[in-house]
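All remarks here apply to the structure that follows.
The values are calculated or read from the model by the stated rules, or taken from the named source; none is laboratory data. This structure is a prediction, so every number in the text was calculated from the model and none was measured. Virtual Cβ from ideal backbone geometry, glycine too; neighbours counted across all protein chains shown. For the accessible areas, the whole protein counts, side chains as well, though only heavy atoms, and no ligand, DNA or RNA atoms are used. Shrake-Rupley method; radii C 1.70, N 1.55, O 1.52, S 1.80 Å.
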Amino acid sequence: QVQLVESGGGLVQAGGSLRLSCAASGYIIRLTSMGWYRQAPGKQRELVATITIGGTTNYADSVKGRFTFSRDNAKNRAYLQMNSLKPEDTAVYYCNRNPPFEVWGQGTLVTVSS
(Lines give C-alpha, C1' and ligand atoms only; values in the text may rest on other atoms or scores of the structure.)
Protein backbone atom coordinates (compact mmCIF):
# COMPACT_ATOMS: atom_id res chain seq x y z
CA GLN A 1 0.00 0.00 0.00
CA VAL A 2 1.39 3.37 -1.00
CA GLN A 3 1.98 5.88 1.78
CA LEU A 4 3.36 9.36 1.33
CA VAL A 5 4.37 11.50 4.31
CA GLU A 6 5.32 15.11 3.82
CA SER A 7 7.12 17.21 6.42
CA GLY A 8 9.15 20.36 6.82
CA GLY A 9 6.52 23.04 6.44
CA GLY A 10 6.11 25.94 8.79
CA LEU A 11 5.78 29.68 9.15
CA VAL A 12 8.44 31.77 7.47
CA GLN A 13 8.85 35.41 6.53
CA ALA A 14 8.91 36.49 2.92
CA GLY A 15 12.36 35.93 1.50
CA GLY A 16 13.02 32.98 3.76
CA SER A 17 13.64 29.34 2.96
CA LEU A 18 12.21 25.95 3.82
CA ARG A 19 13.08 22.40 2.85
CA LEU A 20 10.23 19.97 2.48
CA SER A 21 10.70 16.22 2.73
CA CYS A 22 8.63 13.38 1.35
CA ALA A 23 8.96 9.85 2.69
CA ALA A 24 7.46 7.17 0.48
CA SER A 25 6.61 3.59 1.39
CA GLY A 26 5.03 0.86 -0.68
CA TYR A 27 6.45 2.53 -3.75
CA ILE A 28 9.95 3.08 -5.14
CA ILE A 29 10.22 6.72 -6.09
CA ARG A 30 13.12 6.30 -8.52
CA LEU A 31 10.96 4.08 -10.74
CA THR A 32 8.48 6.81 -11.65
CA SER A 33 8.29 10.49 -12.28
CA MET A 34 7.34 12.43 -9.19
CA GLY A 35 5.79 15.77 -8.45
CA TRP A 36 5.42 18.31 -5.72
CA TYR A 37 1.94 19.78 -5.67
CA ARG A 38 0.37 22.54 -3.62
CA GLN A 39 -3.10 23.71 -2.75
CA ALA A 40 -3.65 27.26 -1.59
CA PRO A 41 -6.77 28.23 0.36
CA GLY A 42 -9.75 28.36 -1.96
CA LYS A 43 -7.79 27.15 -4.96
CA GLN A 44 -7.34 23.89 -6.80
CA ARG A 45 -4.30 21.73 -6.27
CA GLU A 46 -1.55 22.58 -8.72
CA LEU A 47 1.64 20.88 -9.82
CA VAL A 48 4.66 23.06 -9.07
CA ALA A 49 7.66 20.82 -9.69
CA THR A 50 8.44 17.49 -11.31
CA ILE A 51 11.35 15.12 -11.57
CA THR A 52 11.66 12.40 -14.18
CA ILE A 53 13.09 8.92 -13.72
CA GLY A 54 16.31 10.23 -15.21
CA GLY A 55 16.44 13.13 -12.77
CA THR A 56 15.36 15.95 -15.07
CA THR A 57 13.44 18.61 -13.19
CA ASN A 58 10.80 21.03 -14.38
CA TYR A 59 9.08 23.85 -12.55
CA ALA A 60 6.00 25.97 -12.83
CA ASP A 61 6.83 29.50 -13.90
CA SER A 62 5.69 30.78 -10.51
CA VAL A 63 8.48 28.91 -8.69
CA LYS A 64 11.17 28.61 -11.33
CA GLY A 65 14.54 29.76 -10.07
CA ARG A 66 13.43 29.61 -6.45
CA PHE A 67 12.48 25.95 -5.85
CA THR A 68 14.67 22.89 -6.35
CA PHE A 69 13.36 19.32 -6.51
CA SER A 70 15.77 16.57 -5.47
CA ARG A 71 15.57 12.90 -4.68
CA ASP A 72 17.56 10.51 -2.48
CA ASN A 73 17.01 7.10 -4.03
CA ALA A 74 18.80 5.25 -1.24
CA LYS A 75 16.43 6.70 1.34
CA ASN A 76 13.39 6.63 -0.97
CA ARG A 77 12.82 10.27 -0.16
CA ALA A 78 12.17 13.40 -2.17
CA TYR A 79 12.83 16.98 -1.22
CA LEU A 80 11.75 20.44 -2.24
CA GLN A 81 14.13 23.25 -1.38
CA MET A 82 12.21 26.51 -1.40
CA ASN A 83 14.09 29.79 -1.38
CA SER A 84 13.02 33.41 -1.69
CA LEU A 85 9.58 32.47 -0.49
CA LYS A 86 6.67 34.78 -1.24
CA PRO A 87 3.29 35.15 0.47
CA GLU A 88 1.68 33.63 -2.62
CA ASP A 89 3.61 30.41 -1.93
CA THR A 90 1.39 29.86 1.11
CA ALA A 91 -0.29 26.48 0.64
CA VAL A 92 -0.39 22.88 1.72
CA TYR A 93 2.33 21.03 -0.15
CA TYR A 94 2.07 17.40 -1.22
CA CYS A 95 4.35 14.95 -2.96
CA ASN A 96 3.03 12.23 -5.23
CA ARG A 97 3.79 10.35 -8.35
CA ASN A 98 3.38 12.28 -11.59
CA PRO A 99 0.67 11.59 -12.62
CA PRO A 100 -0.54 11.17 -9.07
CA PHE A 101 -1.81 8.11 -7.28
CA GLU A 102 -5.36 8.32 -5.95
CA VAL A 103 -3.83 8.18 -2.47
CA TRP A 104 -2.43 11.41 -1.07
CA GLY A 105 -0.50 12.18 2.09
CA GLN A 106 -1.64 14.68 4.66
CA GLY A 107 0.56 17.37 3.18
CA THR A 108 2.63 19.95 5.00
CA LEU A 109 1.51 23.53 5.51
CA VAL A 110 3.74 26.35 4.37
CA THR A 111 2.78 29.83 5.50
CA VAL A 112 4.74 32.80 4.22
CA SER A 113 4.15 36.09 6.00
CA SER A 114 4.73 39.44 4.35
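Below are the figures for this structure:
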item: Residues being modelled with pLDDT of 95 or more and among the basic types (Lys, Arg) - total across region 11-36; result: 1
item: Some residue of region 12-19 being under 15 Å from Gly107 (Cα atoms) and in contact with a strand residue (DSSP E or B) (Cβ under 9 Å, 6 or more places away or on another chain); result: yes
item: Lone unmet requirement of (1) in contact with a helix residue (DSSP H, G or I) (Cβ under 7 Å, 6 or more places away or on another chain); (2) more than 21 Å from Phe101 (Cβ to Cβ); (3) open to solvent by less than 30 Å² (accessible area, probe 1.4 Å) for Ala78; result: (2)
